[in-house]
Amino acid sequence: MSFVLEVDNARISYAVPGGTIRAVDGVSLQLAERETLAVVGESGCGKTTLAKGVLGLEPLVSGDIRVHGQSVSSNLKGLATRVGIVWQDPYASLDPRWRIGRSIAEPLLVNRNGKIDVDARVDEVMRHVGLEPAMKRRFPHQLSGGQRQRVAIARALALNPPLVLCDEPTAALDLSIRAQILNLLKDLQSSLSCAYLYISHDLTTVRFIADRVAVMYLGKIVEMGPTERIFTDPRHPYTRALLASAPTLEKLGKLPDVLPGEIPDPREVVGGCRFKSRCPNRQEKCDVDEPDPTFEDGREYCCHFPVVRES
Ligand SMILES: Nc1ncnc2c1ncn2[C@@H]1O[C@H](COP(=O)(O)OP(=O)(O)O)[C@@H](O)[C@H]1O
Ligand SMILES: [Mg+2]
């Protein structure tokens, strides 16, 4: 199988007063062509930092990230044609002074290879995302939130990249618009054959859109596997807690009091399992040994005392 994205033991840190935040702390994953992998977890677990690593916007401390077999760090220039990005807030990601036609055209102009008719491509990609090409003379503030996110999607897809990162693409939208944008992303994937790395704390949308799910906690993937298996039979106590708190999580982006304890300060180096301070299954081993991944029926999880399926 050829992978559009390979992340090997990637680490990304931020130097902050009082220490270092290991925002991405040894993440490994692969994404096949046309596949959707969702990355879920509470705010601050490192999802956006991981996306920035894939885009080459944050350097790796160690490990490697490859897009179509090429290291991101060694080919930053070519990356724009192979990775599209849709951020959470289309207002922030579109230049307010530019008519939207110009925003959509920009990646085409920057990476122009001479053959593309830019105007025709802008019209085409606007139609793909359900916008009338006549709207291209408008400014972002003259559009609704949903229309603005359609523009951001059109811009991400303008160069027809094989990989598109979506960082909470529906989080800033009204509930009624959210479903439209999700359906659009799903339709575009089948017509344009791209793979999605879909970042979200909203488990409902993840179940709808993802083939596989990776659950992140404090910079690390603690469980990963096919979507239905993760939702119906979680192994990691954190995954189970996330699922149990789904409606609240959707609103707040953080766990309610289903689990005791707080997320540890990411500046502190934790020994043993990083989830131990909140884990209902904690035993002595968890304080000293960081669990290695266990592979089981196409999924993996990092836990010494996994959840046993309730029958
Ligand atoms: N530019 C930055 N400088 C310092 N710390 C950062 C920076 N960006 C993110 N962080 C920290 O890194 C951790 C992961 O953040 P982030 O990747 O934004 O998480 P998420 O997207 O899952 O909410 C958090 O502890 C956050 O405070
Ligand atoms: Mg984020």
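Exposed loop sites, defined as GluC sites (Glu not before Pro) outside DSSP H, G, I, E and B with at most 16 other Cβ atoms within 10 Å, are absent from the longest region of the chain, namely 34-261.
All C-alpha to C-alpha distances of the range 4-49, sorted into 5 Å bins beginning at zero, yield P(r) values of 6, 18, 23, 24, 15, 7, 4, 2, 0 percent in whole numbers. DSSP finds beta bridges in the chain, and of those with both partners inside it, around 60 percent are antiparallel.
Charge tally for GLY219 (other residues, Cβ to Cβ under 9 Å; Lys, Arg +1; Asp, Glu -1): +3. Can you give the Rg to Rh ratio of the range 47-179, both from alpha-carbon atoms, with Rh computed by the Kirkwood formula? That ratio equals 0.98.
Of the chymotrypsin sites (Phe, Trp or Tyr not before Pro) in the range 74-151, the ones in a loop by DSSP (not H, G, I, E or B) with at most 15 other beta carbons within 10 Å are TRP98.
Can you bin the range 92-131 into rounded, prolate or oblate? Criterion: square roots of the alpha carbon gyration tensor eigenvalues sorted a ≥ b ≥ c, rounded for a/c under 1.5, prolate for a/b above b/c, oblate for the rest. Here the range 92-131 falls in the oblate category.
Helix screen, the chain: DSSP H segments with Cα axial length of 20 Å or more and mean Kyte-Doolittle hydropathy at least 0.0 are 175-192. Packing-based ranking of 179-186, 158-165, 69-76 yields 158-165, 179-186, 69-76, ordered from highest to lowest mean Cβ neighbour count within 10 Å. Pairwise Cα separations in the range 111-217 fall into 10 Å bins from 0 onward with the following percentages, short to long: 13, 45, 32, 9, 1. Charge tally for ASN75 (other residues, Cβ to Cβ under 13 Å; Lys, Arg +1; Asp, Glu -1): +2. Within the chain, the proportion of Cα pairs with more than 24 Å between them is 54 percent. Stokes-Einstein at 37 °C, 0.692 mPa s, Kirkwood radius from Cα pairs: D for the range 1-113 in µm² s⁻¹? Result for D is 209 µm²/s.
Shape analysis of the range 123-169 based on the Cα gyration tensor places the equivalent ellipsoid semi-axes at 18, 14, 7 Å, largest first. Assuming charge only on the beta carbon of Lys and Arg (+1) and of Asp and Glu (-1), the dipole of the range 72-157 about its Cα centre is about 120 debye to the nearest 20. For the chain, the relative contact order is 21 percent, taking Cα pairs closer than 8 Å that sit 6 or more residues apart in sequence and dividing their mean separation by the residue count.
Laboratory data are not the source of any read-out in this text; all were calculated from the coordinates shown. This is a predicted model, so every value here is computed, not measured. No Cβ is skipped: glycine too gets one built from the backbone with ideal geometry, and neighbour counts run over all protein chains shown.
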